[in-house]
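Scroll down for the structure; my scribbles are underneath it.
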Amino acid sequence: MLKQDFLFNFANVWQKAEIIKIIEYMEIKERLSALRSAMKKNAVAAYIIPGTDPHASEYIADHWKEREWISGFNGSAGTVVVTLDGAGLWTDSRYFLQATEQLNGSGIELMKQGVPETPEIVPWLTATLKAGDKVGVNPQMFSLNAYASMKAELAVCKIELVSIDLLSDIWTDRPELPKSKLFIFDEKYAGISVKEKLDRLRNELRNNHADVFIMSALDDIAWLFNVRGKDVNYNPVVIAYALVDEKNATLFIDADKVNEADRKALQQQGVCLAAYDAVLEAIRTLQPDASVLVDGGKLNQSLFEAIPAGCTIRNTMSPVFKMKSIKNAVELEGIRRAMVKDGIALVRFFKWLEENVRTGNLSEISVSDKLYEFRSKQERFMGESFNTIAGYAHHGAIVHYSATPESDSKLHAENLLLLDSGGQYLDGTTDITRTVALGTPTVQQVIDFTRVLKGHISLATAIFPVGTRGSQLDILARKSLWDECQNYGHGTGHGVGHFLNVHEGPQNIRMDENPVTLQPGMIISNEPGLYRTNEYGIRTENLIHVVCADKTEFGQFLKFETLTLFPIDQTLIDPELLDNKEIEWLNEYHLRVYNTLSKGLNEDEREWLARKCTPIKVQR
């Protein structure tokens, strides 16, 4: 008899959901017990299980969700540490409530990262274990850099870090790796052939005095080989590895994922195919005196350990990572087309929202579904670029809020709705946040929104010299808030891919130092915000593109082109808090939005958009 049948037979007074939770807790305790048995057998005192995969991906296939399997916690960030007599999950404040609920009864303690009394994982381990103990990790799930750093920290206390996979044997019903087919990303969208990209990469290898480059990041591989796939949620990538040297470019991928036509197309571009699992042996058979380029922030420790001992290691940022961050003319034109389609879908959605919010039937999940429906009707739509964040009222103050059936709030004709969403089109990737008033906003909401808008405009209109880093511009988005002793805890801008990952580096705009300079062709988000706990959240996000400004006797200067096309809610703006230049920017932006989007709208939609784009007139 199955456990579930047993419980339903003998405890039919319980609610079904409660029974399922008990079953899950029982299973997790059994999994922990099996892991501890394996730990004892291998003389491992602690085992670390992160929420990552062998490719350093943001979204991972079910096959690699080891942390979720061992703990039941499915948040996007978190690491489980299991000892012989205890276990803890380290995660940040975004997931305290979720983790508390999901860990309840599992025997795993929530370790609240960022709280002063909570030690980080390595200090906790050194305080818990003794000299001579071993800490085990699956080397596929840790980058070379992260592994080396942890190994050095533990060694100070004479604790050894060892590479060992203890879950493979006990996770007996593990999901298979995805089997979906890759597809060739046509050069009419990519702009550059695989041969051209390989030539550029090989030139970078020569500049780095490297003979071969080991690639593991899925978006780098997708970009270099002009392939896309459906192996993970939201990011159109395919699971593969790659090796590139002066003569050969090998894509290591499951043979079932490539049809004959695509195989021939890749071969014509100078790409050889090999089995996904063959990558380890290919690395082990590299010339013993080869110079091997690796990106230690991405390459997993398992692949690194396969490199012959005599090889010279050149650990540096992936050349492909940098190459793909600078969009070519075809990619940029495609992104502009995607912005038009996305803007039209948003007009239709927000018009629908405005007409239906007073029914009382709408919720965070239902409006997210409706937005998907409007986007899906656009040509070349391929899916969402991330899980829509629809935060109504106090949920808007949770920066990475994700509505669940349990938390799903009904919308009313009052307070604010923060909607952060994006689409994947063959033309490009979009990411936009709009905060709208569903009723009459309060004075404080208007003031807060306008201060955030001032920061958004200040960054959008920035002019800066070549060589400027994102951290040097971050203050522009925050100053209007800092002047009032206010702030937001997330970064101001992240890079965005071209029909690839919505979060892409190496460029960003945030307070943390990043040596990467902003260059023409880079696309970044501009998304300052303000969040009042248990009240509401505000964020205004457009995507911006680095372009050349004037060249003077002081050098070449750069500026931003705003790509996103959708109006900003003027009912939340206090024009008296804006200066003339800010009003001029807003009016010009709204004029461009109307002139661009109106061509694809019907009469009613154009009238609605015209009202939203009405110029602000202020008598000063």
Under unit Cβ charges (Lys, Arg +1; Asp, Glu -1), what dipole magnitude, rounded to 20 debye, does region 77-219 have relative to its Cα centre? 440
Inter-part distance where region 233-262 and region 343-396 are each reduced to a Cα centre, Å: 35
What is the gain in length, in nm to one decimal, between GLU588 and CYS548 on full extension, counting 0.36 nm per residue of separation less the C-alpha to C-alpha distance? 12.4 nm
Could you give the spread of the C-alpha atoms of region 99-146 along their three principal axes, from largest to smallest, in whole angstroms? 32, 25, 21
Give the long-range amide H neighbours of VAL292: residues separated by 5 or more places, or on another chain, with amide H under 5 Å away, using H modelled in the peptide plane at 1.01 Å from N. ASP211, THR312, ILE313, ARG314
Please compute the length gained on full extension between ARG606 and ILE170, using 0.36 nm multiplied by the number of residues separating them and subtracting their Cα-Cα distance. 151.0 nm
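For the chain, what % of the accessible area comes from carbon and sulfur atoms, probe 1.4 Å?
Details: 13610 of 27050 Å².
Within the chain, the accessible surface is 50 percent carbon and sulfur.
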Checked region 322-385 with the C-alpha gyration tensor, a ≥ b ≥ c its square-rooted eigenvalues, rounded below a/c of 1.5, otherwise prolate if a/b is larger than b/c and oblate if not; verdict prolate
Using a/c under 1.5 as the rounded threshold, could you call region 169-326 rounded, prolate or oblate? The axes a ≥ b ≥ c are square roots of the C-alpha gyration tensor eigenvalues, and prolate needs a/b larger than b/c, oblate otherwise. oblate
With the 1.4 Å probe rolled over protein heavy atoms, region 419-560 has an accessible area per residue in Å² of 34
Filter the GluC sites (Glu not before Pro) in region 202-298 to those in DSSP coil with at most 12 other Cβ atoms within 10 Å of their Cβ, and list the result. GLU246
So, for region 56-125, what is the accessible surface per residue at a probe of 1.4 Å, expressed in square angstrom? 43
Report, in listed order, any pair from LYS351/LYS454; LYS479/LYS551; LYS341/LYS370; LYS410/LYS454 with a Cα-Cα distance greater than 22 Å. LYS351/LYS454; LYS479/LYS551; LYS410/LYS454
Please turn the phi angles of region 108-118 into ³J(HN,Hα) values with the Karplus equation 6.51 cos²θ - 1.76 cosθ + 1.60 (θ = phi - 60°), one per residue in order, whole Hz, x for glycine and proline. 9, 7, 7, 10, 7, 5, x, 7, x, 7, 9
³J(HN,Hα) across region 128-138 via Karplus (A = 6.51, B = -1.76, C = 1.60, θ = phi - 60°), whole Hz, x for Gly/Pro? 8, 9, 10, 4, x, 6, 10, 10, x, 9, 6
State in Å² the accessible area per residue of region 240-350; use a 1.4 Å probe, count heavy atoms of protein chains only, and round to the nearest integer. 40
If contacts are Cα pairs under 8 angstrom and at least 6 residues apart, what is the relative contact order of the chain in percent? 10
Amide H contacts under 5 Å for GLU414, restricted to residues at least 5 apart in sequence or on another chain and with H modeled in the peptide plane, are LEU438, GLY439
Assigned charges on the beta-carbon of Lys, Arg, Asp, Glu; the chain dipole about Cα centre (debye): 580
Classified through the alpha carbon gyration tensor (a ≥ b ≥ c as square roots of its eigenvalues; rounded if a/c is under 1.5, else prolate when a/b is larger than b/c, else oblate), region 258-328 comes out oblate
Paramagnetic reach from GLU379 (point 7 Å along Cα→Cβ, amide N under 18 Å) across region 319-343: 330-343
Each residue of region 342-352 in order: what ³J(HN,Hα) in whole Hz does its phi give by Karplus 6.51 cos²θ - 1.76 cosθ + 1.60, θ = phi - 60°, with x for Gly and Pro? 5, x, 5, 4, 5, 4, 5, 5, 5, 5, 4
Cα-centred dipole magnitude for region 481-549, charges only on beta-carbon of K, R (+1) and D, E (-1), debye, nearest 20: 140
Region 437-460 and region 523-543: distance between their alpha carbon centers, rounded to Å: 10
Added length on full extension, which subtracts the Cα-Cα distance from 0.36 nm per residue, SER93 to ALA77: 4.7 nm
Over the Cα atoms of the chain, what radius of gyration and what Dmax do you get, in Å? 25.8, 84
Cut-off 11 Å between beta-carbons: net charge of the residues surrounding LYS581, Lys and Arg +1, Asp and Glu -1: -3
Spatially close lysines, pair count over region 81-228: Cα under 21 Å, gap of eight or more or interchain: 5
Counting only residues 5 or more places away or on other chains, whose amide H sits under 5 Å from the amide H of SER363 once H atoms are built in the peptide plane? LEU411
FRET efficiency estimate (nearest 0.05) - Cβ-Cβ, ALA255 to ASP199, R0 35 angstrom: 0.80
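The values are calculated or read from the model by the stated rules, or taken from the named source; none is laboratory data. Small disclaimer: the values here were computed from a predicted structure and weren't measured. As a convention, Cβ positions derive from the backbone with ideal geometry for all residues, glycine included, and neighbour counts pool all protein chains shown. Just the protein is used for accessible areas: all its heavy atoms, side chains included, with ligands, DNA and RNA removed. Shrake-Rupley method; radii C 1.70, N 1.55, O 1.52, S 1.80 Å.
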